[in-house]
Amino acid sequence: MRDLFSPTEGIGLSMLRQPMGASDFAVGRAYSYDDQPAGKTDPDLSEFTIRHDRAYILPRLRQARALNTRLTFMASPWSAPGWMKDTDSMITGSLLPRYHQAYADYFAKFV
């Protein structure tokens, strides 16, 4: 982390792209912040949670920021939750128009 983010002891990266949920590089399985069983939806996002990121991702982001206080974060979605898509899957499919507002709210909750 020091080699990457420290401006005095490393290369001083100043921009970090943070996926919103799992990316193609996630270890294990794809996940969103509002996973639902097949066929179930949550348009009011009552089950939205960042629980998955608390153990590993958030501590690393805090560490990076501590090493470089000028670090800028850019949130980057990889996929909408599967239940928002026409395939009910995070791997394939397209966002259904009826969930545009829910997806906008998903972004706001992430921030």
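The values are calculated or read from the model by the stated rules, or taken from the named source; none is laboratory data. Just so we're clear, the structure is a prediction, and the values are computed from it rather than from any experiment. As a convention, Cβ positions derive from the backbone with ideal geometry for all residues, glycine included, and neighbour counts pool all protein chains shown. All accessible areas refer to the heavy atoms of the entire protein, side chains included, with ligands and DNA or RNA removed. Shrake-Rupley method; radii C 1.70, N 1.55, O 1.52, S 1.80 Å.
Annotations
- Exclusive hit being modelled with pLDDT of 95 or more and open to solvent by 40 Å² or more (accessible area, probe 1.4 Å), set Arg98, Arg51: Arg98
- Hits in the range 26-48 - residues which are among the charged types (D, E, K, R) and open to solvent by 50 Å² or more (accessible area, probe 1.4 Å): Arg29, Asp35, Lys40, Asp44, Glu47
- Residue that is least open to solvent (accessible area, probe 1.4 Å) [pool: residues in the range 55-95 that are under 15 Å from Ser32 (Cβ atoms) and among the aromatic types (Phe, Trp, Tyr)]: Trp83
- Ser23 vs. criteria closer than 17 Å to Ser79 by Cα and either open to solvent by 90 Å² or more (accessible area, probe 1.4 Å) or of a type in the set (Ser, Thr, Tyr) (or both): yes
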